[in-house]
Amino acid sequence: MGALERESREGSRVAHRHRSGHRRRARAATKKRLRHAASGALLLLAAGGARAEPVLVDAARFVPGLVTEIRYAGSHNFVGRPIDGYEAPLCLLTPRAAAALARVQAALAPDGLGLKVFDCYRPRRAVADFVRWAHDPADLAGKAEFYPDIDKDDLFRLGYIAERSGHSRGSTVDLTLVERGTGRERSMGTPFDLFDPRSGEGAEIPMEARANRARLRGAMIGAGFAPYPAEWWHFTLRDEPHRGQGFDVPVRAVEP
Ligand SMILES: C[C@@H](N)C(=O)N[C@H](C)C(=O)O
Ligand SMILES: [Zn+2]
């Protein structure tokens, strides 16, 4: 069974759980089909195409003015090269997470602020790439910039990178605050993906950076996201769909 087919079956089980009533469940079990659209989008399709619910959407279409800098699609990241599974620099998210992010963006707008995303949905094959990279002690290309004071061996143990990442469920996002007009990033005390205690809660950082972290955190929590204590940039939608799962379809353009 191919990865897409496997994911489709997983998605089908999720859809099934959410249907209420025996009759509807039985009908869904027999009629519902998951198909992989020609574009590569992962779609949940009802029989006859009556209703289509995408599992992942391009968040930029839902969040006006969202700035994207998808680091793992390029080389400016802790590995130092594009990561497996990132075929396009897109922020794919579940529709629920994208809608929540749109609420955050709207809440920030009156202050002239907006969001810039660094990572969104992360395929399992990308996580596997991180794990393979971690097992090569000679590959230290990104050490000086991203983990200067942490042994590469410890990055997973200390929780800076996950072997089973919430990002693979599509409702987790790495992001920061930017000024609306200029796109200039607000200072957060440490850069994105600096694996260091200073990136975590309670770190000794300048007051302005502390205020910026609090602004981001408050806006994200207000829209239903949970922060991650070790990394100021990492948030997961509390009421996320697809819990306990993980998708592996590559990051590439999805149908609108
Ligand atoms: C690698 C970093 N950007 C991140 O997202 N870390 C968390 C722990 C994860 O990998 O899920
Ligand atoms: Zn993250």
Checking rank on 230-243, 103-116, with mean other Cβ inside 10 Å and highest first, the result is 230-243, 103-116
Within region 200-230, the residues whose backbone N lies under 20 Å from a label point placed 7 Å from the Cα of R180 along the Cα-to-Cβ direction are 212-223
Contour minus Cα-Cα span, R217 to E201, at 0.36 nm per residue, comes to 4.7 nm
Rounded to the nearest 10 Å², the 1.4 Å probe accessible area of Y121 is 0 Å²
Note: D136 to A253 extended length (0.36 nm per residue) minus current alpha-carbon separation gives 39.0 nm
Expressed in angstrom and rounded, the centroid-to-centroid distance over alpha carbons for region 58-79 and region 195-256 is 14 Å
In this structure, the FRET efficiency calculated for D154 and A88 from their beta-carbon separation, with R0 = 35 Å, to the nearest 0.05, is 0.65
Carbon plus sulfur, as percent of the 1.4 Å-probe accessible area of region 76-187, comes to 50 percent
Given backbone amide H placed at 1.01 Å from N, residues whose amide H is under 5 Å from that of L113, ignoring those fewer than 5 places away on the same chain, are R180
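The values are calculated or read from the model by the stated rules, or taken from the named source; none is laboratory data. Keep in mind the model is a prediction, meaning the values are calculated, not measured. Reconstructed Cβ throughout: ideal geometry from the backbone, glycine too, with neighbour counts over all protein chains shown. Quick note on the areas: whole protein, heavy atoms, side chains included, nothing else; ligands and nucleic acids left out. Shrake-Rupley method; radii C 1.70, N 1.55, O 1.52, S 1.80 Å.
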